[in-house]
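S.K.: The structure follows.
Where a number appears in this text, it was derived from the coordinates with a stated rule and is not lab data. Everything numeric here is computed off the predicted structure, so don't read it as measured data. Positions of Cβ are generated from backbone atoms using ideal geometry, with glycine treated the same way; all protein chains shown enter the neighbour counts.
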């Protein structure tokens, strides 16, 4: 396995935005920002699959760009830091050995002198380390060099799925320029669309490329949004999405326009386990036998971190904490067992429910054996799953607190990585899977006109097949973990281009643990990551200037799940594991699935009711309460 395949997901590491001073300075910053590429070469066939940029004068362009930014691959050797780091042996080992270290300058120089890596991947990591160092103008310049020179560059994730470097660079440039208006620039008209880029076969990819231009923001004339009249409505009385003349989408709960501010809520008591069959139903779990479910209605906040409920720490309940945070909805992955609790959430706390059916994921509802996984070509299993959907809808279709139906939970990943156990074969049989999703959606809409139907997909996998097979699914839901920059043009606009339906992020979030860093650092990184994701959702909603098809998001998750992960024999649901499961776009480069909560259980001795609120909670309290929508 190539090193870039194995470690490519180890990106977007340490918080870089907001440094008072950069961690280091480049020896040669180049002579221009932004670089006027038209002076040094010729753009050909912009906006087509035949795009190319032909350099006319390498030396002049290298002088303009500066150290490490293509085509300048030589002045880095004149940097005194290169000689110093070489003498200190800080450049030893593989380029991938440095990716997750805090030695940002060494990582930057190591990548700048690398000769064997794919050039687009190399340029990306040079830019990434300039960003980590707080050299934001230089980072923008380096990311844009990748867009101009290497728009077709492809790397590979840990999961052996293609990673399109050019679109990622556009996403990051747009984010950095939005978040840092002091830079004074805007990226205009940039777009890289990869036709056939929704599967794992890069041989059939066709790129349409326009690198756009970085211009001074003051030269751009912005026209205020004018949505116009409603031209399309999907759903009805309890929940619906409407599309306006300008193409924007908006979600409405009982006729009120809202941006969905939702939490993935499945509080797991410490010490209980799904695998061992000891996990209690949180909707009914009542340890003190007073008739109130513990977590949602009786949780209390440990203000001073002493793991004791002091007199000034009353029972308030998760629902009250969510209400104070500005939450308007919770996501339920598979049905409900307590209608009265959801009614209370709605009437007392203003919390709607996104009611889900896993549609055979984890074999739930299909009757499949775990070792085999759900088979979406098996008629008996399809009948079982459809019956499960019917049971859910018939039981809850008259409840005003259900604002949408959600089918599945990233089922499309099933079988993609060579196994189907537990997850099924949707990734191996995508046409059959999405056809079945549409069958379920069509049945729902035949009996319920009062709310829309959504799918929960794993990122944009098989979006082209979804577009063809799922005309009756109203909302495209996406589990997406793309990093602190949010989700970017390559998510929102590709959805708009392929299906022109509203999109919602069904899961996003970040662990509050970073190997080798103090908790204060990890908590701050989680807060920054989550804030960046939410701001991207807002920007691409009807409230912002982006694609206009984002209707909200579901933060994963409310409280840490100690039963989430681990590798036997080290795994224990009574231990807060610090074992990284898979490399991904998180601050430490790894996913720690037991640490995604924006609140924790403390030392676990007061489960299931004690909550320790993290900085991300207070950040969301600020973000979600700043507007009524």
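S.K.: Determine which single condition residue 155 fails, assuming it passes every other condition in (1) on the phi > 0 side of the Ramachandran plot; (2) part of a strand (DSSP E or B).
M.R.: Going through the list (1) on the phi > 0 side of the Ramachandran plot; (2) part of a strand (DSSP E or B), residue 155 breaks only (1).
S.K.: Of 512, 563, which residue is over 16 Å from the mean Cα position of the chain (by Cα) and either more than 30 Å from residue 222 (Cα to Cα) or part of a loop (DSSP other than H, G, I, E, B) (or both)?
M.R.: Numbers: 512 fails: over 16 Å from the mean Cα position of the chain (by Cα).
On inspection, the qualifying residue turns out to be 563.
S.K.: Across region 121-163, what is the number of residues that are under 17 Å from residue 207 (Cα atoms), surrounded by fewer than 24 Cβ atoms within 10 Å (Cβ to Cβ) and out of contact with any strand residue (DSSP E or B) (no Cβ under 7 Å at 6 or more places or on another chain)?
M.R.: 2
S.K.: Going through region 40-54 one residue at a time, which ones are within 23 Å of residue 76 (Cβ to Cβ) and out of contact with any helix residue (DSSP H, G or I) (no Cβ under 6 Å at 6 or more places or on another chain)? Outline the logic, then answer.
M.R.: Step one: list which residues in region 40-54 are within 23 Å of residue 76 (Cβ to Cβ), which gives 40-41, 53.
Within region 40-54, 41 is the sole residue that qualifies.
S.K.: Can you name every residue in region 196-232 that is free of Cβ contacts under 8 Å to residues at least 40 places away in the same chain, closer than 20 Å to residue 496 by Cβ and not in a loop (DSSP other than H, G, I, E, B)?
M.R.: 230, 231, 232
S.K.: I'd like to verify a number: residues in region 358-368 that are touching a helix residue (DSSP H, G or I) at 6+ places or on another chain (Cβ under 7 Å) and more than 19 Å from residue 430 (Cβ to Cβ), how many? Spell out how you get there, then give the answer.
M.R.: Our first condition is that a residue be touching a helix residue (DSSP H, G or I) at 6+ places or on another chain (Cβ under 7 Å); within region 358-368, this holds for 359-361, 365-368.
When the remaining residues are screened for being more than 19 Å from residue 430 (Cβ to Cβ), the result is 365, 367.
Going through region 358-368 one residue at a time, the tally reaches 2.
S.K.: Out of the residues in region 570-600 that are in a loop (DSSP other than H, G, I, E, B) and touching a strand residue (DSSP E or B) at 6+ places or on another chain (Cβ under 6 Å), which is farthest from residue 274 (Cα to Cα)? Write out each step before concluding.
M.R.: Initially, region 570-600 is screened for residues in a loop (DSSP other than H, G, I, E, B), giving 570-581, 584-589, 592, 596-598.
With touching a strand residue (DSSP E or B) at 6+ places or on another chain (Cβ under 6 Å) added as a condition, the list becomes 580-581, 584, 589, 597.
Numbers: 580: 20, 581: 18, 584: 25, 589: 27, 597: 18 Å.
Filtering region 570-600 for residues that are in a loop (DSSP other than H, G, I, E, B) and touching a strand residue (DSSP E or B) at 6+ places or on another chain (Cβ under 6 Å), the one farthest from residue 274 (Cα to Cα) comes out as 589.
S.K.: Inside region 277-300, can you point out the residues that are under 25 Å from residue 564 (Cβ atoms) and loosely packed, with under 12 Cβ neighbours inside 10 Å?
M.R.: Step one: of region 277-300, the residues under 25 Å from residue 564 (Cβ atoms) are 277-287, 293-300.
Across region 277-300, the qualifying residues are 277, 281, 284.
S.K.: Scanning region 505-540 for residues that are out of contact with any helix residue (DSSP H, G or I) (no Cβ under 8 Å at 6 or more places or on another chain) and within 19 Å of residue 456 (Cβ to Cβ), which turns out surrounded by the most Cβ atoms within 10 Å (Cβ to Cβ)?
M.R.: By that ranking, first place goes to 506.
S.K.: Let me ask something else about it. Does any residue of region 572-579 turn out to be under 30 Å from residue 125 (Cβ atoms) and surrounded by fewer than 19 Cβ atoms within 10 Å (Cβ to Cβ)?
M.R.: The first filter runs over region 572-579 and keeps only residues under 30 Å from residue 125 (Cβ atoms), leaving 577-579.
Adding the requirement that they be surrounded by fewer than 19 Cβ atoms within 10 Å (Cβ to Cβ) leaves 578-579.
Looking for residues that are under 30 Å from residue 125 (Cβ atoms) and surrounded by fewer than 19 Cβ atoms within 10 Å (Cβ to Cβ), one finds at least one in region 572-579, hence yes.
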